[in-house]
Amino acid sequence: MSTFLADIPQLIKELGFTSLPNDKQADYLSRLEEIISSRINVAVLERLSEEGHTYFISLVEQGRDDDALAYVQNQISDLTDLVKQVTKQAIEDFLFLRKKEQS
């Protein structure tokens, strides 16, 4: 567990996972990270040109993840802010849906 979910203990508390066993917490957080990662990919692709899509995807398919990341960082000047916004929105969406279920 890593990149998008910086303060894991606080996030576990905020999401209401504290009563769950550690393996369940890890499973849910892993799934949340996958969702966030997918949303970030969509947001990045929305910002790239059609040529940029093709080039970025070719780098990823070749397993050149570092090159793909460097390319995206060069193409999207506010990538860090974009990642933070997408992450925040995904967590807020999760919390909203959870509250809605509990009502």
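Every number here is computed from the coordinates shown, using simple stated rules; none is lab data. The structure displayed is predicted, hence computed values, not measured ones. Backbone-built Cβ (ideal geometry, glycine too); neighbour counts: all protein chains shown.
Using the Cβ of V60 as centre and a radius below 12 Å, the other residues enclosed give a net charge of -3, where K and R count +1 and D and E count -1.
Whole-Hz Karplus values for the stretch 64-74 come out as 9, 4, 5, 5, 5, 5, 4, 4, 5, 4, 6 Hz, taken residue by residue from phi with 6.51 cos²θ - 1.76 cosθ + 1.60 and θ = phi - 60°; glycine and proline positions read x. Residues in the stretch 50-57 carry Karplus couplings, in order, of 4, 4, x, 4, 4, 5, 4, 5 Hz; the curve used is 6.51 cos²θ - 1.76 cosθ + 1.60 with θ = phi - 60°, and Gly or Pro positions show x.
What does the net charge come to around L45 if you take all other residues with beta carbon closer than 13 Å to its beta carbon, with K and R at +1 and D and E at -1? Around L45, the charge tally is -1.
Over the residues of the chain, the helix contribution to mean residue ellipticity at 222 nm works out to -26000 deg cm²/dmol, using -39500 (n - 2.57) for each DSSP H run of at least 4.
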